[in-house]
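Read-outs throughout are calculated quantities, based only on the coordinates presented, and are distinct from any laboratory measurement. Remember, it's a predicted structure, so these values are computed and weren't measured experimentally. All Cβ positions, even for glycine, are placed from backbone atoms using ideal geometry, and neighbour counts span all protein chains on display.
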Amino acid sequence: MNPVIERHFDEVELRLIESPVVQVYRIVRREVAPADGKLRIEIRLEENDFAELFEYVSEVSGTIHC
């Protein structure tokens, strides 16, 4: 596991929790390896709209690269 990537993914989830337009979300996939990570989230928005987020990141010297 990579603590820098874990923290980044936690921040993404916190933004979803704090967003006034997000009704509910579901983490479909959250994988963190030593050098990279993948996050996939399904999001239900206001007025029953739907969004899906997929993010692949790598970490080099403490910096996230998308």
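Using +1 at the Cβ of each Lys and Arg and -1 at the Cβ of each Asp and Glu in the stretch 3-65, identify which of 16, 27, 53 lies farthest towards the dipole's positive end. Towards the positive end, the residue furthest out is 27.
From its DSSP helices (H runs of at least four residues, each -39,500 (n - 2.57)), the chain gives a residue-normalised ellipticity at 222 nm of -8000 deg cm²/dmol. Relative to the longest principal axis of the Cα atoms of the chain, helix 3-18 runs at roughly 10 degrees. Normalising by residue count, the chain has a Cα convex hull of 71 Å³ per residue.
Computed from backbone phi, the HN-Hα couplings of the stretch 45-56 come to 9, 3, 6, 6, 6, 10, 9, 10, 10, 10, 10, 10 Hz, rounded to whole numbers (Karplus: 6.51 cos²θ - 1.76 cosθ + 1.60, θ = phi - 60°; Gly and Pro given as x).
Can you put 5, 41 in order of Cβ neighbours within 10 angstrom, beginning with the fewest? Don't skip to the answer; put the middle values down first.
Values: 5 23, 41 20.
Starting with the residue having the fewest Cβ neighbours, the order is 41, 5.
Counting pairs of alpha carbon atoms under 8 Å apart in space and at least six apart in sequence, what relative contact order in percent does the chain give?
Numbers: 109 pairs, mean separation 19.6, N = 66.
Normalised by residue count, the contact order of the chain is 30 percent.
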